[in-house]
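Structure first, commentary second.
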Amino acid sequence: MPSIGISEILIITMVIVIFVRPEDLPKFVRTVGKFYTDLQRHLLKIRRMGRDTLEDITQMDKIAAAAEAFTCETTVAAAPVDKPHPLPAGADTKAEDIPPASVKKSD
């Protein structure tokens with residue numbers, strides 16, 4: 001951040017005294033102070049938003065890495081799929097007639 005020396009402060013003060021009437025000087029200083037305060041507040045909000053966004057991205061990267069590791073583990077650990085059982089002789093092969101494997105048919 002640039003620093004302001006004594007000579008710059010004197011020049012700024014002289015310009016303000018020349019262009020701002022003495023009776024308007026307190027109002028001018030208050031306005032500049034409010035502007036500076038609002039500027040600092042907005043800059044702080046922007047910094048917080050940037051920090052929060054970076055934290056969110058880091059967290060999403062960790063979740064994606066964990067999901068990828070989980071996918072790799074389950075792919076390696078999965079047992080091979082058995083061949084489906086053949087239908088009994090004379091059975092109709094319509095999909096509606098075949099009960100799902102998880103539902104037991106009562107006699």
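The values are calculated or read from the model by the stated rules, or taken from the named source; none is laboratory data. Please read all numbers here as calculations on a predicted model, not as lab measurements. Cβ placement follows ideal geometry from the backbone for every residue including glycine, while neighbour counts extend to all protein chains displayed.
Checking each residue in region 20-50 for being hydrophobic (A, V, I, L, M, F, W, C) and surrounded by 11 or more Cβ atoms within 10 Å (Cβ to Cβ) picks out Val20, Leu25, Phe28, Val29, Val32. Within region 59-78, one or more residues are exposed (fewer than 10 other Cβ atoms within 10 Å of the Cβ), assigned to a loop (DSSP other than H, G, I, E, B) and either out of contact with any Gly (no Cβ under 8 Å at 6 or more places or on another chain) or modelled with pLDDT under 90 (or both).
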